[in-house]
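Trainee: Can you keep this structure in mind? I'll have questions shortly.
The values are calculated or read from the model by the stated rules, or taken from the named source; none is laboratory data. Quantities reported herein were computed from a predicted structural model and do not represent experimental measurements. Backbone-built Cβ (ideal geometry, glycine too); neighbour counts: all protein chains shown.
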């Protein structure tokens, strides 16, 4: 089963992202994105959030699929993620998590690492798909990713004690100190798969361009 979480950023616009949205077995929509999704003629399986962004008329019309959560200690994307793992699907694609406000984009991308950590060992795969590529995350000592030859790759980590070696990338990462986000960005693949090897388990986010 494939679940799509639709956040309130840039609405899917390409054939690729719209196809992922329309082919999902289950759609969980943050309340801020629900009105736009409904305008496309797509009714989600669940609308999650505090409902401050959803018009009252739509709240009444779709009351049976609304999951109201007024917790101000977490954001709507995390509320949607918590709903998405019950029952646990095979794959979770997050759409609409980037674009519009840059602070929301940075927060959502960093949350992907938390979600990957929570799903470690569960058999459920998660990613965050944008119009220009895909964010993947892991929390382990080793990870491998398939990709087209020559595609641009950026790696983000949040631990200045981390040491990382790589295979299949043009620029080596073993001398990178991960104390700021830009340090391992703008690499590119020299094979159709690349691997990362860490000195200890850590949260890492990888962006693979289209």
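Trainee: Specify the residue that is surrounded by the most Cβ atoms within 10 Å (Cβ to Cβ); the eligible residues are those in the stretch 107-142 that are farther than 29 Å from residue 73 by Cα and over 17 Å from the mean Cα position of the chain (by Cα).
Mentor: So the first thing to find is which residues in the stretch 107-142 are farther than 29 Å from residue 73 by Cα, and the list is 131-133, 141-142.
Now restrict to residues that are over 17 Å from the mean Cα position of the chain (by Cα): 141-142.
Numbers: 141: 13, 142: 11.
Across the stretch 107-142, the extreme among qualifying residues is 141.
Trainee: Show the residue pairs meeting these rules: Cβ distance below 9 Å; 6+ apart or different chains; first residue within the stretch 133-151 and without any contact (Cβ under 8 Å) to a residue 24 or more places away in the chain and assigned by TED's automatic domain parsing to the domain that holds residue 185; second residue assigned to a strand (DSSP E or B) and surrounded by fewer than 18 Cβ atoms within 10 Å (Cβ to Cβ).
Mentor: That search, which allows pairs on different chains as well, returns nothing.
Trainee: Failed condition for residue 104, given (1) touching a strand residue (DSSP E or B) at 6+ places or on another chain (Cβ under 8 Å); (2) touching a residue at least 40 places away in the same chain (Cβ under 8 Å), with all others met?
Mentor: Residue 104 satisfies every listed condition except (1).
Trainee: Taking residue 96 as the residue in question, decide whether it is touching a helix residue (DSSP H, G or I) at 6+ places or on another chain (Cβ under 7 Å), in the same structural domain as residue 34 (by TED's automatic domain parsing) and at positive phi. Outline the logic, then answer.
Mentor: Numbers: touching a helix residue (DSSP H, G or I) at 6+ places or on another chain (Cβ under 7 Å): yes; in the same structural domain as residue 34 (by TED's automatic domain parsing): yes; at positive phi: yes.
Spelling it out, residue 96 is indeed touching a helix residue (DSSP H, G or I) at 6+ places or on another chain (Cβ under 7 Å), in the same structural domain as residue 34 (by TED's automatic domain parsing) and at positive phi.
Trainee: Go through the residues of the stretch 51-67 one by one and say whether even a single one is in contact with a strand residue (DSSP E or B) (Cβ under 6 Å, 6 or more places away or on another chain), crowded, with 18+ Cβ neighbours inside 10 Å and under 11 Å from residue 7 (Cβ atoms).
Mentor: There is no residue in the stretch 51-67 that is in contact with a strand residue (DSSP E or B) (Cβ under 6 Å, 6 or more places away or on another chain), crowded, with 18+ Cβ neighbours inside 10 Å and under 11 Å from residue 7 (Cβ atoms).
Trainee: May I pose another question? Please specify each residue of the stretch 173-197 satisfying the condition of being touching a strand residue (DSSP E or B) at 6+ places or on another chain (Cβ under 9 Å), surrounded by 12 or more Cβ atoms within 10 Å (Cβ to Cβ) and assigned to a loop (DSSP other than H, G, I, E, B).
Mentor: 173, 176, 178, 181, 183, 190, 191, 192
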